Every structure is written in structure tokens, then in C-alpha cells.
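Everything on this sheet refers to the single structure shown next.
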Amino acid sequence: MSLEVRIVHQLGAFRLDADFTSDGRVTALFGPSGAGKTSVVNSLAGLIRPTTGRVVVDGEVLFDDRAGVCVPPHRRRIGYVFQEGRLFPHLTVRQNLLYGWWFTPRSERHEQLDPVIDLLGLRALSGRRPGRLSGGEKQRVALGRALLASPRLLLMDEPLASLDAARKDEILPYIERLRDETRVPIVYVSHAVSEVARLANTLVVLADGRVVASGPVGTVMSRLDLVSLVGRDEAGAILETTVAGTDTESGLTTLHSTAGDLHVARLDLPVASKVRVRIRARDVMIAASAPKDLSALNVLEGIVAEIGPTDGAAAELRLDCHGAPLLARLTRHSIDRLGLAPGRRVYAVIKAVAIEGPRSTSGEQAPADAEAGP
């Protein structure tokens, strides 16, 4: 799927001026509240008619002010999932799911009820009404209803914002399955770094109505000039890894990456599974020489590529670990004491317990931000 967005629109005192392209399966729009994320997706859906610009989805022009083209919302074949499910309370889960399906021309239907029910784990819920569903269950039904309309593009505007942490953990694997097992591209709006890092292929960062960065999620997330937008506690780098094997005696899984091998708490995934790993800058320590006799299991060799501006006592470093980026947050005192500068060879030390992520199939918490994905 290709997506081209060049739009300018004035909304009261707020000016939206967004320009980006994407060909990823999941394009994430990221930024603080008021950055313009929802205005962009509403322009894609046809709920806002931009003042000027052009919107093209998979080669079809949906809006072009110069050509006088503005396809109405009902003809755009775009699904929309909001923060709340917005289900019809008087209909069962099955009837809610079929609502969009019935209004889709037979020749354009590429999704069927039973596969979608199985994909989203809704079979046991099909006879219930929305009043008897949890927040996570409602959002799964909303996803299924949008998918069964056979859209060319699925818009998801902060679909997890109204859910607590447990419900978010419940629904994220279903969104991953939707990304990996259907052919429907997704534009995903969020201000949560963990969601973006887990789901997105392409990342578009907005601030004050403008696109300040766009590109592959790993490349954008490792930019030091965006740390203040991401938030210093959440800033970090993404590594694409492959499961090399699991040692049942130690309870550790080894992941291969360009940066080097990582050892994490056991993941119940087969060898060769793709796993996306996010490592926060705050969880990375730096050694000027090869460390020995450490409790930390992960040591990655790299070169200091860039040192960001200080925020007072600390600053971020970007390392080049055999072509893979890694961020570290150090005090200015440590940077000076170790004599760190661009080009200096260093060793990044990371505790296994600092790498968090999805739950294993056994139900135990797997490493943080080690996310199964493409």
C-alpha cells in the first residue's frame, strides 16, 4: 500500500501543514495531544476537506484541490476505529460485526465473518450485546466491524487510549495479528511510544500541526533531535532480531541482531521467529573498555556516532553497533570522565530484565519491549 499526504488546513487558530508518504503495513502518526494527528486521519477519511493539498491511497486520488477531486467519505472504502468502540447497543456482537459487511458491494468483499471472528477471538462473544463486554472486547468488535467492511485502508485513532494497562495488553496481540494476517494497511494514531514501537513499520512524528520526521520506525526513533518529543524516559532504539534458541536450564532465549546477540528472559517462540526489541536509553550503561565479571548478560560493542545536547546534568548518545543504532543516556560527568566523543569505541551494557515486551505463551511476562513483529 502506498500513501501520499500533502494537506494544508486552517482549523480556527490551528494550522495543519502535513506532508509525508508511506508504503508500510502500519503507518503510525505520533506526537503530543494537539499535534494534528486526528486532523490528518479525518482528512484521510473525508471527514475534513483540507483547504489545499492532495491525498492518494494506493494510486487512487481521494482529494486534490487543483483537480477538483474530493471523493465523499462513503465512497472512500476506509474503515475507522475510534477511541471507544461506538457499537450499536441493541445489536449482538455478530450483528455489529455484519453491519459494515452488508453495505459493502459483493464484488468488493474481501473479508468474511468466520475468519475475522477467529482472528479476533470473538466466537464465544458472538451472541452477547455490548453492555456485557469489557472495554478490550468492545474494541475487538469495533476492529472486526471495520475490517468486515473490506476497507482499502484502516484508520485507528488512539484505539487503546480509553483502556487500562491490562486491557491494552489484551488487545495489542490482536492488532498485531490483524497487521500480519490481513492485507489491509493501517494508519495508527498514538502518543504512546510503546504502541508505536511495537506495531509500526513507518513512523510520522507531528508537532504543532507539522511533520517533523517520517521514515522507518527504527530510524526515526533513534534520532537524538526527537528525544524531547518522545520523552526522555521513553527514548530508545529499536532492534530487529531473530530467535536463535532457548536454554531451558537457564530460562533464557538468545536473539540474533545486527548489533550482536541478546539474552532475554525465556520467549516461547520457535527458532527463526522475528522479534522486535526496544531498548530504552535510560537502561543502557557504557564502558570504555570490554567489561568483565558482570551480572548483566548483554554487552554490545559500538562506536559513538553522536552526542546530543545536555538537558542539564545528562545527555543522550547514539551508538552505531555494527550498523544498528542504540541510544544511551548518561550524565555529563560520565561523558567527560570516560572521554566520550564521536568515533570512540565503547561497550553498551544492558540487563536482560531491562528488555521488556509481550507475554509468552505460558502466560509469564516475557522481556519488556521485545515485541514479536515483522
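In segment 186-222, of all residues being polar (S, T, N, Q) and under 20 Å from LEU327 (Cα atoms), the one that is modelled with the lowest pLDDT corresponds to SER194.
Taking the conditions (1) farther than 22 Å from ARG25 by Cβ; (2) in contact with a Ser or Thr (Cβ under 7 Å, 6 or more places away or on another chain) in turn, GLU111 satisfies each one other than (1). Criterion applied to ARG278, ARG282 was being part of a strand (DSSP E or B) and either more than 18 Å from GLY218 (Cβ to Cβ) or not aromatic (Phe, Trp, Tyr) (or both), and the one residue passing it is ARG278.
Could you go through segment 128-142 and let me know if any residue there is out of contact with any His (no Cβ under 9 Å at 6 or more places or on another chain), within 20 Å of SER194 (Cβ to Cβ), crowded, with 20+ Cβ neighbours inside 10 Å and touching a residue at least 60 places away in the same chain (Cβ under 8 Å). Scanning segment 128-142, I find no residue that is out of contact with any His (no Cβ under 9 Å at 6 or more places or on another chain), within 20 Å of SER194 (Cβ to Cβ), crowded, with 20+ Cβ neighbours inside 10 Å and touching a residue at least 60 places away in the same chain (Cβ under 8 Å), so the answer is no. Criterion applied to GLY24, GLY53 was being over 17 Å from TYR188 (Cα atoms) and in the same structural domain as ASP208 (by TED's automatic domain parsing), and the one residue passing it is GLY53. Do you know which residues across segment 281-300 are among the acidic types (Asp, Glu) and under 27 Å from the mean Cα position of the chain (by Cα)? ASP283 - this is the single residue of segment 281-300 that is among the acidic types (Asp, Glu) and under 27 Å from the mean Cα position of the chain (by Cα). Can you name every residue in segment 263-301 that is under 14 Å from ALA354 (Cα atoms) and among the basic types (Lys, Arg)? Those that are under 14 Å from ALA354 (Cα atoms) and among the basic types (Lys, Arg): ARG266, ARG278, ARG280, ARG282. Would you check if LEU252 is aliphatic (A, V, I, L, M) and under 23 Å from ASP180 (Cα atoms)? The answer is no for LEU252.
The criterion of being surrounded by fewer than 23 Cβ atoms within 10 Å (Cβ to Cβ), out of contact with any Gly (no Cβ under 8 Å at 6 or more places or on another chain) and within 17 Å of GLN83 (Cα to Cα) holds for ALA165.
Go through segment 318-342 and count every residue that is in contact (Cβ under 8 Å) with a residue 40 or more places away in the chain and not in a loop (DSSP other than H, G, I, E, B).
Looking only at that region, the number is 10.
Taken across segment 157-174, residues that are hydrophobic (A, V, I, L, M, F, W, C) and within 22 Å of LEU16 (Cβ to Cβ) do occur, with at least one present. Per the listing SER2, SER43, the residue uniquely modelled with pLDDT of 95 or more, farther than 23 Å from VAL230 by Cβ and polar (S, T, N, Q) is SER43.
Taking segment 214-241 as the range and being more than 15 Å from the chain's Cα centre (by Cα) and hydrophobic (A, V, I, L, M, F, W, C) as the test, the residues that pass are LEU224, LEU226, VAL227, LEU229. Examine segment 263-285 for a residue that is surrounded by 14 or more Cβ atoms within 10 Å (Cβ to Cβ) and farther than 30 Å from ARG167 by Cα, and state whether such a residue exists. So far as segment 263-285 goes, yes, one or more of its residues are surrounded by 14 or more Cβ atoms within 10 Å (Cβ to Cβ) and farther than 30 Å from ARG167 by Cα.
Residues that are touching a residue at least 24 places away in the same chain (Cβ under 8 Å), touching a Gly at 6+ places or on another chain (Cβ under 9 Å) and surrounded by 14 or more Cβ atoms within 10 Å (Cβ to Cβ), at least 3 per element: which strands (runs of 3 or more DSSP E) completely within segment 13-107 meet that?
Details: elements: 14-22, 26-30, 52-57, 60-64, 78-81.
Counting at least 3 such residues, we get 14-22.
The criterion of at least 2 residues that are under 23 Å from HIS263 (Cα atoms) and not assigned by TED's automatic domain parsing to the domain that holds LYS168 is met, among strands (runs of 3 or more DSSP E) falling completely within segment 185-248, by 236-247. Scan segment 255-269 and tell me whether some residue there is at pLDDT below 95 and either outside the structural domain of TYR347 (by TED's automatic domain parsing) or at positive phi (or both). Among the residues of segment 255-269, not one is at pLDDT below 95 and either outside the structural domain of TYR347 (by TED's automatic domain parsing) or at positive phi (or both), which makes the answer no.
The values are calculated or read from the model by the stated rules, or taken from the named source; none is laboratory data. Predicted model only: the values in this text are computed from it and were never measured. So basically every Cβ, Gly included, is an ideal-geometry build from the backbone, and we count neighbours across all protein chains shown.
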